[in-house]
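Chemist: I am attaching a structure below and will ask some questions about it afterwards.
The values are calculated or read from the model by the stated rules, or taken from the named source; none is laboratory data. All values derive from a computational prediction rather than experimental measurement. Here the Cβ is made from the backbone with ideal geometry for all residues, glycine too, and neighbour counts use every protein chain on show.
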Amino acid sequence: MTRHVAAESRSPVPPSPEVLDEVFDLLESLWHRERDSRRPDSFAEPLDGLVLTVLSQNTNDVNRDRAFRALKRRFPAWQAVADAPMEEVADAIRPAGIANNKTRSILAILRIVHQDFGAYSLRELAAWNPDRARTYLEELPGVGPKTAACVLLFDLGMAAFPADTHVSRLCRRLGWVPEKMPPGEIQTVMEQVLPQDRYMGAHLNLIEHGRHVCRARAPLCGTCIVKVHCAFGRKLA
Ligand code: SF4
């Protein structure tokens, strides 16, 4: 058996390749998202994916999707969103919460994208170097490291490992990163140690595990398939 990555008395350290393989093989045996790692809402137009991901901030997938569908129903083209009064856009995306802030970000993004590319499209980014594409996305209003990584990974087919709330919680509890490390830094650590061909499936498997087993409150450590590798879980044993 592979050596545990972090004993309780040690500071968190990034996991070794062997531990990563074992943990992600176990998670794959449970959730199968590497085998079927296509995001159902992956878009041919990356700008759609970017707006969807902005809507997903601080809410769940159901509310995010309701808001995105309502926005598309009311304004079938991005030009129509850009031309609409702010209150009407905010009204359409209200199911996603913090509607005024998200509207401000979306309208500013549309303005900048149109200015930069002459169209409401981010397809050109697919031909860019991934680092340049990431920097461009992260400089857009309301777009942080996780949102940029989601667009790179799901809509542009580029290597990125988004660290959302579930991924961050799992990485901290497993003992791979310090307890207080922010998600943007967790993302950087994981992108350095995880093979790129596992990014998408590993990300999706961690989300499944975080939703159903390693929940924020009352994690099911007793029956957890990766407990032997987990600093938090072993403390409870
Ligand atoms: S053992 Fe507990 S804390 Fe560790 S990954 Fe499993 S559910 Fe989460």
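Chemist: If Met158 satisfies every condition in (1) more than 24 Å from Asp21 (Cβ to Cβ); (2) away from the ligand (no atom under 16 Å from the Cβ); (3) not aromatic (Phe, Trp, Tyr) but one, which is the exception?
Modeler: The single condition Met158 does not satisfy is (1).
Chemist: Just for helices (runs of 4 or more DSSP H) wholly inside the stretch 59-99: which have at least 2 residues that are of a type in the set (Gly, Ala, Ser), more than 25 Å from the chain's Cα centre (by Cα) and within 21 Å of Arg111 (Cα to Cα)?
Modeler: Details: elements: 61-74, 78-83, 86-92.
Helices (runs of 4 or more DSSP H) meeting the threshold: 78-83.
Chemist: Can you tell me which residues in the stretch 170-199 are within 16 Å of Leu152 (Cβ to Cβ) and aromatic (Phe, Trp, Tyr)?
Modeler: Tyr199
Chemist: I'm trying to understand the selection: among the residues of the stretch 24-43, which are outside any helix (DSSP H, G or I) and at pLDDT 90 or above? Spell out the reasoning first.
Modeler: The initial filter retains those residues of the stretch 24-43 that are outside any helix (DSSP H, G or I), namely 32-43.
Once the filter is applied, which keeps residues that are outside any helix (DSSP H, G or I) and at pLDDT 90 or above, the stretch 24-43 yields His32, Arg33.
Chemist: Quickly run through the stretch 97-151 and pick out the residues that are farther than 24 Å from His203 by Cα and among the β-branched types (Val, Ile, Thr).
Modeler: Ile98, Thr103, Ile106, Ile109, Ile112, Val113
Chemist: Residues in the stretch 223-237 that are in contact with a helix residue (DSSP H, G or I) (Cβ under 8 Å, 6 or more places away or on another chain) and free of Cβ contacts under 8 Å to residues at least 40 places away in the same chain: how many?
Modeler: Pass one, the stretch 223-237, residues in contact with a helix residue (DSSP H, G or I) (Cβ under 8 Å, 6 or more places away or on another chain): 224-234, 236-237.
Filter once more, keeping what is free of Cβ contacts under 8 Å to residues at least 40 places away in the same chain: 224, 227, 236-237.
Going through the stretch 223-237 one residue at a time, the tally reaches 4.
Chemist: Something else: Can you pull out the residues in the stretch 108-126 that are farther than 16 Å from Gly144 by Cα and either under 22 Å from the mean Cα position of the chain (by Cα) or outside the structural domain of Ala149 (by TED's automatic domain parsing) (or both)?
Modeler: Once the filter is applied, which keeps residues that are farther than 16 Å from Gly144 by Cα and either under 22 Å from the mean Cα position of the chain (by Cα) or outside the structural domain of Ala149 (by TED's automatic domain parsing) (or both), the stretch 108-126 yields Leu110, Val113, Ser121, Leu122, Arg123, Glu124, Leu125, Ala126.
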